[in-house]
Structures are given as C-alpha cells and as structure tokens.
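To keep things clear, I will list the structure first and then write my remarks on it.
Just so it is clear, none of the values below were taken in a lab; they were calculated from the coordinates. Just so we're clear, the structure is a prediction, and the values are computed from it rather than from any experiment. Cβ: placed from backbone, ideal geometry, glycine included. Neighbour counts: every protein chain shown.
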Amino acid sequence: MTSLAVARNVLRRILRDGRTLALIIILPLFFVLIYGNSFSGSYSDLTIVIVNADNGLASVRTQEVGRITLTVDLAAAFVSALDPDVFDIVILDDADEAFSMVGTEAWAALAFPKSFSNAVVSQAIRSSGERKVQFEGSSVTLLPSEIDAGPPTRLVIDDSNPLVASAVIAAFNDAFTAVLETQQSSVTVESLLNVQRLYEGKIRMLDFTAPGIIGFAMTLITVMLTAMAVVRERTGGTLTRILIAPISAWEVTMGYTLAFSLIALFQAAELFLVSLWLFDIRFVGDPGAVILVIVLFAVGLQGIATLMSTVAKNEAQAMQFVLFLLIPSIMLSGVFWPLETMPATMRAISYAIPLTYANSALRKIMLTGQGLGALTFELSVLGAIAVVTLLLSVISMRRQAYTA
Amino acid sequence: MTAEHVIRAQGLRKVYGKRAALDGLSLSVAQGQLYGLAGPNGAGKTTLIRTLCGLLRPDEGEATLLGWKMPSTRVRSQLGYMPQDFAVYNDLSVMQNLEFFGQLYSLRRAQVRERADELLDLVQLTDRKRDRVGTFSGGMRRRVSLAISLLHKPRLAFLDEPTAGVDPKLRRSFWDYFNALADQDVTLVVTTHLVEEAQRCHLVGFLMAGKLLTQGKPEEILAQTGTDNLDDAFIVLQERGEVPS
Ligand SMILES: Nc1ncnc2c1ncn2[C@@H]1O[C@H](COP(=O)(O)OP(=O)(O)OP(=O)(O)O)[C@@H](O)[C@H]1O
Ligand SMILES: [Mg+2]
C-alpha cells in the first residue's frame, strides 16, 4: 500500500516540527476550555442602582385597636433578596442621578418611593382579604383600607442588550416573589413596578449581535490576510530584499498597515452596507465614529497578525496561530453573550481581545447613538493596542530579515 | 594593494548546532575588485555573504562594508545583494518587480526605466518584461533576480550564484558585464561553482568548512596546487581540506 507510505510521510513531517505538533495538541484543548468556561449562561457582576426612599412603614386599620403602624421594611427585604452573585448593587439617594446612570454605568435603576411598604401591604390586604397578625402582644385583624397605592416603583432598564435586560427583569421578579411570598400575598410584580425600557424594546437580537459579528468578520479577514502576506513575503525571500534596501522596518510596517487598513475599510463598508440593506440592522449613530473605531481596530489586528507571522514558520502555522485569536474573539468578546456571564478568569482573556472593545464601541454607536465622548475608554484601548502592536511588529519585521 | 578595502571581515564565526558554517573567517576585498567565492556545497559561501550584508549576526567577529560596521543602515543604498534563491514577486511582471524595488531605492520613474532598459537587455528579457515572473523558467527567474539586484547601481554587490541554471551564452555576457562593472570601480563578490567563471575574477577565495582555505589570483592558485586548470585545482584544494592536517 503506497497510501501508507504517503500517510507515514505526512505524519512524520508533522511530528518532526515541534511547533506544528504543539499546535495540533493545544488547539482542541484551547477550544473546549474556552467554550466550556465562557458559556455558563448565568450572569454575574451586573451593576444596578437602587434608591431606597421607603420608610418601611405600613399604616393599616384593625378591627380591634383602630389604625396601627407596622414596620415591614419591604424595600430593604427586596434588596437583600437580590442575588449578590448576579448583581453589583450601588445604593444612591437621588433617583434622577440613578436613572441617568442607566445605559452607561448601570444596567438598571430602581427607585422605591417613600410609601413602598405601605402600598404593598395595603394592596396585599385588599387582594387577600382580612387577616390576623400579632401586634404588641395581642392578635389583631387587619382590615382593607381605602385605596392608597402611592407613586409606583420606577424601574429604568437598559435594553440595548436584550439578554441582559431579560435576565435582570427575571432576577427582580424572583426577588419580589420571594419577598411577597413571606407576606403570603397575591400581589403581582407587574402591579408594583413601572418598567421603562431605555430603547423601548426596539433592539432585536440581530441588532444586538450585528456589531460584534461585523467586528468578528473583520478580525477573521484582516488577521488572515496580514499574517499570510507577511509569511509569504518572508518565505519568498522578498522581505530580505526589502529590508536590505534603504527603507526602515518602520516604513515597511507602515506600508503594510496602510495597504491593509484600506482593505479593512473597504470590507467594513461592504459589511455595514449589506447588513443595513438586507437586514436593516439598527444604526442610529455617527458613521464617522464607526470609521475611527474600524481603523484603530484594523491597525491593532494587523499588528497582532504580524507578530503571529513572526513565530510562524510557514503559512499553515500562521493559520493555526490565527485561530488562537479567532476562537476567543467569537466566544469571549461579548458578541453573543455578555462578559457578565463569564467567570472572572475568562473575562481576563476577554479584556485582552481587541474585538471586546470594538464590539462595545460599535454597539454604543450603532445601537444607542452614543458619540465619541462615550467611547473614550474603548478608543483609548484600541489605540493603545494599535500603537503597541505596531511598534512590536516593527521590531519583528527587523527580526524577520534575520530569520528569512 | 593601494585601493581602499571596501569589505573587511575579521574572525567571523557562525555556528548552527554543532556545525560551524563560518569558522573564524577573515577577508578583505579592495574597491573595484571582482572577487570570486568558490568552495564545495555547504562550505559557507552563502552564510558568509549574508553575514557580510548584515542579514545574519555572526556569533563572533565583525564585518565592515565601505567603512561601516555591519549591520548598518548607512551602506544600504550602495549595497546590492542577489540571494541564492529567486526572491522575486512571481505574481508581478518583470517591470513591476523592477519598479517596486527601484522605488525602495528612491529611483525616479525615468531612472528606473533607463536602468531597466539596460539590465533587461543584459538579461535578455526585454520582450518579456510585461509577463508575470511566475510564468518564467528557473533560469529566467534568476535573470530577473540579477536585474533587480543591480538596478540601483550599487557600489558594492554580493551575487550568490548569479549564473546557476543560466545558459552558457548568457553566462558569458553576464561575466562581461561584471568585468565592466569592476572597471567602473564597482566591487563585486560572486559565488560560483564554475571554473571558467572563477578564471574571470581578479581574486578567488576558496572556502571550505567555514574557513578561507586559500585566496589568490587564479594563476596563483594554479601554481599553488601544481595544476594547469582551476577545476583540478579546486578538487586538489577540496581534497587537501578534507584531510585533517
Ligand atoms: N539556517 C540554518 N540552519 C542550520 N544550518 C545551516 C543553516 N544555514 C546554513 N546552514 C549550514 O551551514 C553550512 C554552510 O551553508 P551555506 O549555505 O553557507 O553553504 P554554501 O557554501 O552557500 O553552499 P552551496 O554551494 O550549496 O550554496 C551548511 O552546512 C549548512 O547546512
Ligand atoms: Mg550557497
């Protein structure tokens, strides 16, 4: 069987090259570990703001002793019923300030009015009828009082991420239900909350994932193209020829960057236009800001690709190295499920991936129309990645001349 | 020798694993010389050229080109290098290759055209200059590579087997051209396995196992080995080299 000879030869050549062998062993492991750890489905560290003006008192009529005041502290009970693993709770005094944080610093803000406890108790008595409680050592019968619902509890929620929004509402429901059950009442959550969605539920799952998918497509194409081109330039010997000419590694790198940035911009335009045209994805922000994000993002990707091409002996290896960026990019950068669902270790990886920042910036622009002022963090990180990887790729270009 | 030494190498050593590709090699070449590098396969000719050009860092020793310690960016515009493998863009035409490398040397469009005319005439590819290099034969590709290396009129050129796979007629005209360049004070270091080529050099260095076994004018080497042609001389030298003294 000559097929066996061919097979043996292929295997021998792969096994001989330590780097290829390592890649073959590590890649599947890497893939599974990332997938398994990132796809937990439960949320953590969702920041919410709570303003608790509830005085905790309920004033009720009784059959025996007239009107009495009970201390029930229902809002406080609700806050402590919230899962501390899921939420990072910020307590504020000013409701307006709290609501203004939604969409930027917090996913949701909830403001309990002064009469919250009172309203819940009177509703509970009205809906479940008379009942007896212990008051100052004797049993009293509570009577339904006049309708006094008071102002509703306002909940403002950022629904730019439909997944997080529904997770937050579900968690609030659970907490309310838990508190109300101890009151043995049939009061519903809906009747207590006045829910206001920041984007009125207009952001579809498609809109929500589109910026990340476009960013991922760019990562895929730019990194592959750049890494391949640099490896080819080196293995073909032309890089040596370039680097021995009176042109600095810096100029060579800038030339590459210019060319691939143009390609990246063209591809981005294609991705955006087709998505808008065919799928009518949400795009309410400034296209100029998108271009800025795309350029910084693309330059960083090229820098990373050039660095990968330095360690790759050939095109096949370059491809495999590229996967080490692509796999975490799709799974850990928040494209499908938010960073808040990932364990802290995985999130650390997320923060090392350019797509995390590009995705966050593009979402802010496209979904919520935020301007450059709101993108300072993302733009700074993308800019820093671009500058650092560019500098490193200049060094690596210089080095490649010696290894060519 | 009165002329300035444009190449100076002192105690170059480059080790790969256990094998020394260059083993304490020293060499000086004066301006305007046509220096032939001979020696068996694996002798270290390519390694020497790459080290002199600053493309490899020697483990020991140092090299100066045109008075600059290598690797140096100062000599680049005056340095020509033709690698042993083709190192051309196969997906571009001959002219596109020449234009690109010409731009790297800041040649103006007209200069590139003028130089291209001269060199394409030399390598006999004028009528194919619009063709993609990828469609060329091996010898033709090497001719493109030579044209690229000499495009910017280097003062000092290292040509690694410029005639390998090139037919005899063209080979002869290449060497006529090299001699003419040397007459214009261009310094050339050319590796070769061909005796008739070595014979056309001002000086021949015979490398073996990373050492410069001997160096001299072709007729001096003949006298040294007591042979009447360089072919025999090289074989004698190689056999001497293989016997540890
Ligand atoms: N990258 C490398 N890794 C390991 N060994 C190398 C490397 N490059 C060169 N060598 C070794 O160095 C020695 C000299 O090689 P070099 O290419 O300089 O020979 P050469 O004289 O140019 O031969 P040829 O006439 O075949 O072109 C050889 O033994 C070769 O195996
Ligand atoms: Mg060689």
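Some observations on this one:
- For segment A:323-330, backbone phi angles converted through the Karplus equation (6.51, -1.76, 1.60; θ = phi - 60°) give residue-by-residue couplings of 4, 5, 9, 5, 4, x, 4, 6 Hz, Gly and Pro being listed as x.
- Annotation: lysines with alpha-carbon distance below 29 angstrom to A:Lys114 (same-chain offsets under eight excluded): A:Lys132.
- Dipole of segment A:75-162, positive end: most advanced residue of A:Leu143, A:Leu155, A:Ile91 [Cβ charges, Cα centre]: A:Leu143
- Taking Cα atoms only, the orientation of helix A:287-311 departs from the longest principal axis of chain A by about 50 degrees.
- Segments B:181-188, A:239-246 sorted - mean Cβ within 10 Å per residue, highest first: A:239-246, B:181-188
- Cα-based Kirkwood hydrodynamic radius, chain B, one decimal, Å: 18.5 Å
- Rounded to 0.05, the FRET efficiency of the A:Asp94 and A:Val65 pair, given R0 = 41 Å and the Cβ-Cβ distance, is 0.60.
- Across the options A:Asn52, B:Gly42, B:Ser173, the greatest Cα extent toward the positive end of the charge dipole of the protein assembly as shown (unit charges at beta carbon of Lys, Arg, Asp, Glu) belongs to B:Ser173.
- Across chain A, C-alpha contacts under 8 Å between residues 6 or more apart give a mean separation that, scaled by the residue count, equals a relative contact order of 18 percent.
- Normalised by the number of residues in chain B, the average gap of Cα pairs under 8 Å and 6 or more apart makes the relative contact order 26 percent.
- Packing around the peptides A:352-358, B:74-80, B:101-107, taken as the average count of other Cβ atoms within 10 Å per residue, puts them in this order, highest first: A:352-358, B:74-80, B:101-107.
- Low-density loop positions, GluC sites (Glu not before Pro), segment A:191-264 - DSSP coil, at most 12 other Cβ in 10 Å: A:Glu200
- Rounded if a/c under 1.5, otherwise prolate or oblate - segment B:56-184, Cα gyration tensor axes: prolate
- Those lysines that a straight Cα-Cα span of less than 30 Å connects to B:Lys217, excepting residues fewer than 8 apart in one chain: B:Lys14, B:Lys45, B:Lys69, B:Lys153, B:Lys169
- Only Lys, Arg, Asp and Glu carry charge here, each on its Cβ (+1 for the first two, -1 for the last two); on that basis the protein assembly as shown has a dipole of about 2420 debye about its Cα centre.
- Whole-percent P(r), segment B:1-127, all Cα pairs, 10 Å bins from 0: 11, 33, 32, 21, 3, 0.
- Here the Karplus relation 6.51 cos²θ - 1.76 cosθ + 1.60, evaluated at θ = phi - 60°, turns the backbone of segment A:55-67 into coupling constants of 7, x, 9, 10, 9, 10, 7, 10, 5, 8, 10, x, 7 Hz, with x for every Gly and Pro.
- Dipole of segment A:204-403, positive end: most advanced residue of A:Ala217, A:Met397, A:Ile263 [Cβ charges, Cα centre]: A:Met397
- Placing pseudo-labels 7 Å out from each Cα toward the beta carbon at A:Met1 and A:Ile395 gives an inter-label distance of 5.0 nm.
- Compactness check for segment A:204-403: Cα Rg over 2.2 N^0.38 Å is 1.04.
- Calculated translational diffusion coefficient of chain A (20 °C, 1.002 mPa s; Stokes-Einstein with Kirkwood radius over alpha-carbon pairs) equals 86 µm²/s.
- Close amide H partners of B:Leu213, meaning residues 5 or more places away or on another chain with modelled amide H under 5 Å apart, are B:Phe206, B:Leu207, B:Met208.
- Spacing of the modelled spin labels on B:Gln224 and B:Asp91, each 7 Å from Cα toward Cβ, amounts to 4.8 nm.
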